[in-house]
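This report concerns only the one structure given below.
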């Protein structure tokens with residue numbers, strides 16, 4: 001039986017989080033919590049369930065120093081407990097659809113033929129996308145869904161995160177050999193614990209009033 005979290009707790013945790021600018025380099029995320037954060041990426045939803053991504057956890061300190069130089073020298077890259085590079089597939093092809101169809105059949109213990117209609121629909125979008133449907137743009141957007149899942153899960157467990165777009169994707173791709181693997185960098189997430197002297201942590205959260213961003217029609 002699933003256990004729900006109270007609305008008050010959810011709002012409290014989401015209000016607590018912010019894009020951490022300075023991490024405490026002495027604090028590391030415990031393995032059990034990190035395992036849950038990894039699972040938040042695994043469990044993230046994607047269009048059609050294709051999961052057109054791969055997440056690279058950069059542990060090598062020399063490599064992180066190199067990436068910092070390609071990230072406008074932002075300290076989060078080297079100082080956070082963990083650094084995750086969220087990469088998207090460069091190309092979505094029929095093979096990706098076939099792979100997912102086989103995975104569905106295996107997990108749900110059904111014949112692949114049972115989902116032929118669904119598979120053919122996916123193949124249609126991939127091989128003959130509708131007018132105005134940009135597969136590359138659609139693919140890139142999926143990564144941000146995963147990032148949102150990760151950041152929300154982190155907030156629930158008291159882990160600080162800084163989502164980062166301020167970097168050279170080309171440099172990241174080269175340093176991590178992503179192009180050769182069929183991927184390219186979309187977003188970077190630095191995760192850990194905020195430093196006590198991070199001034200951003202004490203600043204009031206600035207958001208527009210609910211009636212300015214939410215409408216019922």
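The values are calculated or read from the model by the stated rules, or taken from the named source; none is laboratory data. Not measured: the values here are computed from a predicted model. Don't worry about glycine lacking a Cβ; one is built from the backbone with ideal geometry, like all the others, and counts go over all protein chains shown.
In table form, for the structure just shown:
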quantity: Single residue of region 139-162 satisfying the filter (closer than 17 Å to residue 184 by Cα and crowded, with 18+ Cβ neighbours inside 10 Å) that is modelled with the lowest pLDDT; calculated: 139
quantity: Test for residue 132: is it free of Cβ contacts under 8 Å to residues at least 60 places away in the same chain, farther than 24 Å from residue 44 by Cβ and either out of contact with any helix residue (DSSP H, G or I) (no Cβ under 7 Å at 6 or more places or on another chain) or exposed (fewer than 14 other Cβ atoms within 10 Å of the Cβ) (or both); calculated: yes
quantity: Selection from region 177-194 of residues that are under 19 Å from residue 79 (Cα atoms) and touching a helix residue (DSSP H, G or I) at 6+ places or on another chain (Cβ under 8 Å); calculated: 187, 188, 189, 190, 191, 192, 194
quantity: Helices (runs of 4 or more DSSP H) fully within region 35-120 counting 1 or more residues that are surrounded by fewer than 17 Cβ atoms within 10 Å (Cβ to Cβ); calculated: 61-69, 94-108
quantity: Boolean, residue 140 is assigned to a strand (DSSP E or B) and within 14 Å of the chain's Cα centre (by Cα); calculated: no
quantity: Scan of region 195-209 for residues that are in a helix (DSSP H, G or I) and farther than 19 Å from residue 73 by Cα, ordered by number; calculated: 201
quantity: Region 164-187 - residue that is within 24 Å of residue 96 (Cβ to Cβ) and outside any helix (DSSP H, G or I) and, of those, nearest to the chain's Cα centre (by Cα); calculated: 187
quantity: Cβ-Cβ under 7 Å pairs, at least 6 apart or on other chains, region 31-55 side at positive phi and touching a residue at least 60 places away in the same chain (Cβ under 8 Å), far side in a helix (DSSP H, G or I) and surrounded by 13 or more Cβ atoms within 10 Å (Cβ to Cβ); calculated: 48/122
